[in-house]
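Here is the structure we will look at.
The values are calculated or read from the model by the stated rules, or taken from the named source; none is laboratory data. Since the structure is predicted, the reported quantities are computational estimates derived from the model, not experimental observations. Positions of Cβ are backbone-derived with ideal geometry, glycine not excepted, and every protein chain shown enters the neighbour counts. The area values use the complete protein model at the heavy-atom level, side chains included, leaving out ligands, DNA and RNA. Shrake-Rupley method; radii C 1.70, N 1.55, O 1.52, S 1.80 Å.
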Amino acid sequence: MISVGSMTYALKLKKLLSRAGIYSYQVKNLREDGCNHGVEINERDLFAAVAILREFRIDYTIEVKRR
């Protein structure tokens, strides 16, 4: 999961990733300190997604989901 904070940034990131051919879906993560929005992607697309995040100067954190 790539957390970007607000729903607005999550939607923007989803659109940017889609343009780059990266499948993602928007998620909302509930926490003790409030909710956090982001997108989930396949781990093979991580480096391409980070390049997009840096290009558009979007602050982010990455959370690994174990199954």
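For this structure, a couple of remarks:
- Local electrostatic count at ARG19 - Lys and Arg +1, Asp and Glu -1, tallied over other residues with Cβ under 15 Å: +1
- Take GLU40: with every protein chain present and a 1.4 Å probe, its accessible area is about 20 Å².
- Take ASP33: with every protein chain present and a 1.4 Å probe, its accessible area is about 130 Å².
- Rounded tilt (10° steps) of 46-55 against the dominant C-alpha axis of the chain: 90 degrees
- The residue list GLY34, ILE52, LEU17 was ranked by how far each Cα lies along the charge dipole of segment 13-67 toward its positive end, using unit charges on Cβ atoms, and LEU17 comes out on top.
- Note on GLU63 and THR8: with the Förster distance fixed at 22 Å, the Cβ-Cβ geometry gives a FRET efficiency of about 0.70.
- Debye, to nearest 20: dipole size of segment 23-67, +1 on Lys, Arg Cβ, -1 on Asp, Glu Cβ: 140 debye
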